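So the structure is just underneath, and the comments pick up after that.
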Amino acid sequence: MFVLGRNLVTTFTVHHDQSPASADVECMFSSTRIEDLKISLRNHHKLDTKLKDKLYQQAEQEAEKSFKQNSIHMSEQLNI
């Protein structure tokens, strides 16, 4: 996790529980919203579309959690 201007950038990996597939996630957010979200699937070649979609959803949910956990702290630090 690092600060880029007034935005916070965090990276993490979400693992699929039934296969070796995972999603590498890079999330940049301000104190009010997610500004940019990049999701890259790894080892997903044997997953069907439904399971790939589930992995994308898990990654998006984790990004939302990270945003919610850090947005209040960011607002306090930036005096917004």
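The values are calculated or read from the model by the stated rules, or taken from the named source; none is laboratory data. Remember, it's a predicted structure, so these values are computed and weren't measured experimentally. Virtual Cβ from ideal backbone geometry, glycine too; neighbours counted across all protein chains shown. All accessible areas refer to the heavy atoms of the entire protein, side chains included, with ligands and DNA or RNA removed. Shrake-Rupley method; radii C 1.70, N 1.55, O 1.52, S 1.80 Å.
Can you give me the % of accessible surface on the chain that is carbon or sulfur? Probe 1.4 Å, all protein chains present, nothing else counted. Don't skip to the answer; put the middle values down first.
Details: 2620 of 5520 Å².
Exposed carbon and sulfur together represent 48 percent of the surface.
To the nearest ten degrees, helix 49-78 and the longest principal axis of the Cα atoms of the chain are 10 degrees apart. Given that just one value was derived from the coordinates, which of [x] 27; [y] 30; [z] 67 is percent of Cα pairs over 22 Å apart? Working out percent of Cα pairs over 22 Å apart from the coordinates points to [y].
Surface listing: PHE67, PHE12 arranged by accessible area from highest to lowest gives PHE12, PHE67, probe 1.4 Å.
Helical runs (DSSP H, four residues minimum) scored at -39500 (n - 2.57) apiece and divided by the length of the chain put the mean residue ellipticity at 222 nm at -13500 deg cm²/dmol.
Summed over the residues of region 11-80 and divided among them, the accessible surface reaches 68 Å² per residue at a probe radius of 1.4 Å.
Leaving ligands, DNA and RNA out of it, rank HIS45, HIS16 by accessible area with a 1.4 Å probe, largest first.
Output order, biggest surface exposure first: HIS45, HIS16.
Within the shell of other residues whose beta carbon sits under 11 angstrom from the beta carbon of MET28, the net charge comes to 0, with Lys and Arg scored +1 and Asp and Glu -1. Phi angles of region 19-36 translate, via the Karplus equation with coefficients 6.51, -1.76, 1.60 and θ = phi - 60°, into HN-Hα couplings of 7, x, 5, 8, 10, 8, 10, 10, 10, 10, 9, 9, 6, 10, 6, 7, 8, 8 Hz per residue; Gly and Pro are given as x.
Within the full protein context, the accessible area of ARG42 is estimated at about 110 Å² for a probe radius of 1.4 Å.
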